[in-house]
1. Once both labels are modelled 7 Å past Cα along the beta-carbon direction, what's the residue 28-residue 6 spacing in nm?
2. What nm value, rounded to one decimal, do you get for the distance between residue 35 and residue 50 when each label is placed 7 Å out toward the C-beta?
3. Extending each Cα 7 Å along its Cβ direction at residue 92 and residue 21, get the distance between those two points in nm, one decimal.
4. Which whole-number percent gives the relative contact order of segment 5-45, counting Cα pairs below 8 Å spaced six or more residues apart?
5. First check a/c for segment 6-52, with a ≥ b ≥ c the square roots of the eigenvalues of its C-alpha gyration tensor; if it is under 1.5, answer rounded, and if not, answer prolate when a/b is larger than b/c or oblate otherwise.
6. With a 10 Å radius around each residue's Cβ, average the other Cβ atoms per peptide and rank 80-87, 7-14, 54-61, 66-73, highest first.
Amino acid sequence: MGNEQEDPRWLDLTPFMVSDEERANNEDVYRKGCDDRCQLCGRPINPQSKSTGWIHLPTGQEAWPHGEDLPEWIEDMGVYPVGPRCKKKLPKEYIQ
């Protein structure tokens, strides 16, 4: 992971994630029509909603700016949903 740390475009998501206890509580919540969970907090979300954001997580814990090409040595893990509350906390260049 040394190369990721050298590139300032990597965004560590740890400060944006909720505690393990809060995540466990959120994962116990059920909402009709919400068949996915926020990557950062675990709340149920509807991935079809316009308020749902998508974050590019090539490494699983660090985000890459939306629309930018990844370095060739990175295997792309894809995009993941982020709920409206968490979406507001993230820098706009990382949200699709």
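Every number here is computed from the coordinates shown, using simple stated rules; none is lab data. These figures come from a predicted structure and were not determined experimentally. All Cβ positions, even for glycine, are placed from backbone atoms using ideal geometry, and neighbour counts span all protein chains on display.
1. 4.7 nm
2. 2.2 nm
3. So the label points at residue 92 and residue 21 sit 3.6 nm apart.
4. Reported as a whole number, the value is 36 percent.
5. oblate
6. 80-87, 54-61, 7-14, 66-73
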